[in-house]
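Report on one structure; see the data block that follows.
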Amino acid sequence: MPSAIIVGSGPNGLAAALTLAADGVDVTVLEASDSIGGGTRSGELTSPGLLHDQCSGFHPLAVDTGFSRQFDLESHGLRWALPDVQYSHPLDGGRGAAVWKSVDHTASHLGTDRESYRRMFGTLTARFPQIAEEFLQPLLHVPNHPLVLARFGAYAALPASMLARRWHTDEARALFGGVAAHAFRPFGSVMSSAIGVALGTAAHRFGWPVAVGGSATIASTIATMLTSRGGRIETGITVRDHRELGNPDIVMLDTSPSAAAQILTGVLPRRVDRAYRRFRHGPAAFQVAFAVEGGIPWSHEPSRSAGTVHVGGTFAEIAAAERQVVRGEMPERPFVLVGQQSLADPGRAKNGLHPIDTYAHVPAGWTGDATQTIIDQIERFAPGFRDRIHEIHTRSTQEIEDHNPNYVGGDIVTGANDPRQLVFRPRVALDPYSTGVPGVYICSAAAPPGAGAHGMAGWNAARSALAHLSTR
Ligand SMILES: Cc1cc2nc3c(=O)[nH]c(=O)nc-3n(C[C@H](O)[C@H](O)[C@H](O)COP(=O)(O)OP(=O)(O)OC[C@H]3O[C@@H](n4cnc5c(N)ncnc54)[C@H](O)[C@@H]3O)c2cc1C
């Protein structure tokens, strides 16, 4: 029986482990932290009984993938729940915009931008399963759906500032700015639309679901399926050197490229070592979790029903803030993401207190405290918010990295989404999961398709490993 060791139990490490175990490989997962899940951990960060997602909260790209279809996590206990409004974007004076699952309903609230929104997202939504199949694998491949991919690419390749020109109202432009900002890229740069177009379309096809009982249930469901196939998981073990791993047939590294280079010191081909050490990380997040009495009193009514609220004002304001963050400057009014998971999963709230998970975009490795800035940004669109706060839990960029070494300098997406790394990550190679050391693969979000708690880098890497194993 072939054997494998997986270093790291994030969703990609666990997806790789389960994929290998399902193919008859004897799998052991080694995790540095005391708990499994990496970026899918949940916990009581503020008041007792209030369940917060410590990292990922919303999973539009995890619902329908090659991995989810092979393993059907939902029939093993994972449950998705949707808020009424998938995401929203408040503006000053109680105005704003919102995305419902229906394209038509969303478009009907966008005034003169109605037709333009409906045309773009209507077409993409109808074809999203084929589009997602193409971009949830390394981009260097022969596409199964070239025409559909070309249509998506025509939008995705554009700078966000250029794509936003198809809309004229503050509402539609801000709505797109908020979702495009998930890329942590300046809006003037090529392909800075890609992640926004994908997430915006996914909202209409699948919604932006939360995992009932917390994102940790994504990891625990995969872990249960893994152990039922004989896999083992050991926590509290930080792997620092490949010699600690013995001689398994397969090693999967759910780590940052620099950690992979460190672990493989002495055996990694020089060109790969250089590429991993030069891998570029992006800007960072500063996280604040709140316990809020009765939830956030947004002036913009639909934001009171939204799972995710993008806070940052107009498209121009967000564009300016993102540009500053990438340059290494802290904006006065940064872009802030607000997660209101308890609206979709009411069991996470307790006695009228709601867990609210937020983070601001800040420069890489920023050493300041953004707590008051985040409160001010929310208060701007939800007067009275400050008075409803019962408890606060913060995580600085350094604490984010301490919590998970894959988030170097607080980079929660494990690698800058610049054009080169969107296409070739973690290095230019036909098989981006291969480290060049026989049997050793990198399977984290630093590899294609990048960030997200969908496990697709792990699934792809495991399939690459199995293909090589079968030719030995
Ligand atoms: C604040 C925040 C919000 C986010 N929001 C979302 C969201 O809403 N939706 C979404 O899809 N994604 C979101 N993400 C991103 C998502 O969580 C990550 O992209 C995803 O978890 C990456 O999975 P992974 O398996 O590659 O690595 P990770 O989940 O980062 O896990 C890596 C694991 O490997 C372990 N490890 C690393 N090095 C070693 C070592 N040397 N030895 C042993 N163990 C090691 C770590 O301890 C960790 O447990 C968010 C992330 C953060 C931080």
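The values are calculated or read from the model by the stated rules, or taken from the named source; none is laboratory data. Since we're looking at a predicted model, the values are computed, not measured. Virtual Cβ from ideal backbone geometry, glycine too; neighbours counted across all protein chains shown. All accessible areas refer to the heavy atoms of the entire protein, side chains included, with ligands and DNA or RNA removed. Shrake-Rupley method; radii C 1.70, N 1.55, O 1.52, S 1.80 Å.
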When the C-alpha atoms of region 328-472 are aligned to their principal axes, what extent does each axis show, in angstrom, from largest down? 64, 39, 25
How many angstrom lie between the Cα centre of region 195-230 and the Cα centre of region 337-392? 22
If you take the beta carbon distance between Val190 and Glu399 as r and set R0 to 30 Å, what does 1/(1 + (r/R0)^6) give as a FRET efficiency, to the nearest 0.05? 0.35
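Out of the DSSP beta bridges found with both residues in the chain, what percent are antiparallel (nearest 5)?
On the way: 34 of 53 bridges.
The antiparallel fraction comes to roughly 65 percent.
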For Asp34 and Asp387, FRET efficiency with R0 = 25 Å and r from the beta-carbon atoms, rounded to 0.05? 0.10
Solvent-accessible area per residue, Å², over the chain with all protein chains present [probe radius 1.4 Å]: 37
Honestly region 60-194 on the Cα gyration tensor test (a ≥ b ≥ c root eigenvalues; a/c under 1.5 rounded, otherwise a/b vs b/c for prolate or oblate) is just oblate
Largest first, please: the extent of the C-alpha atoms of region 29-118 along each principal axis, to the nearest Å. 54, 37, 21
Label zone at Met162, where the point sits 7 Å out along the Cα-to-Cβ direction: region 175-195 residues whose backbone N lies under 16 Å: 186-195
Residue separation between Arg472 and Arg271 times 0.36 nm, minus their alpha-carbon distance, gives in nm 69.9 nm
Using protein chains only and a probe of 1.4 angstrom, how many square angstrom of Leu264 are accessible, to the nearest 10? 10
Residues listed by number, region 432-454, amide nitrogen under 18 Å from Arg280 label point at 7 Å toward C-beta: 446-448, 450-451
Ordering Leu14, Leu158 from largest to smallest accessible area (1.4 angstrom probe), what's the sequence? Leu158, Leu14
Please give, to one decimal in nm, the separation of the simple spin-label points placed at Asn351 and Glu74, each 7 Å out from Cα toward the Cβ. 3.6
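Ignoring ligands, DNA and RNA, please state the percent of accessible area on region 392-468 from carbon and sulfur, probe 1.4 Å.
57
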Once fully extended, how much extra length lies between Leu430 and Arg323, figured as 0.36 nm per residue of separation less the alpha-carbon to alpha-carbon distance? 35.3 nm
Coarse-grained scattering of the chain at q = 0.07, 0.08, 0.10, 0.11 Å⁻¹, given as base-10 log I(q)/I(0) from a Debye sum over alpha-carbon atoms: -0.33, -0.43, -0.68, -0.84
With r as the distance between the Cβ atoms of Arg95 and Glu234 and R0 = 45 Å, compute the FRET efficiency 1/(1 + (r/R0)^6) and round to 0.05. 0.30
Considering only protein heavy atoms, with the full assembly of protein chains and a 1.4 angstrom probe, order Asp345, Asp273 by accessible area, largest first. Asp273, Asp345
Relative contact order [Cα under 8 Å, 6+ residues apart], the chain, whole percent: 26
For Leu147 and Asp241 in one chain, what is 0.36 nm times their gap in residues minus the Cα-Cα distance, to one decimal in nm? 29.3 nm
Yeah, region 218-308 with a ≥ b ≥ c from its alpha-carbon gyration tensor (a/c under 1.5 is rounded, else prolate when a/b outruns b/c, oblate otherwise) is oblate
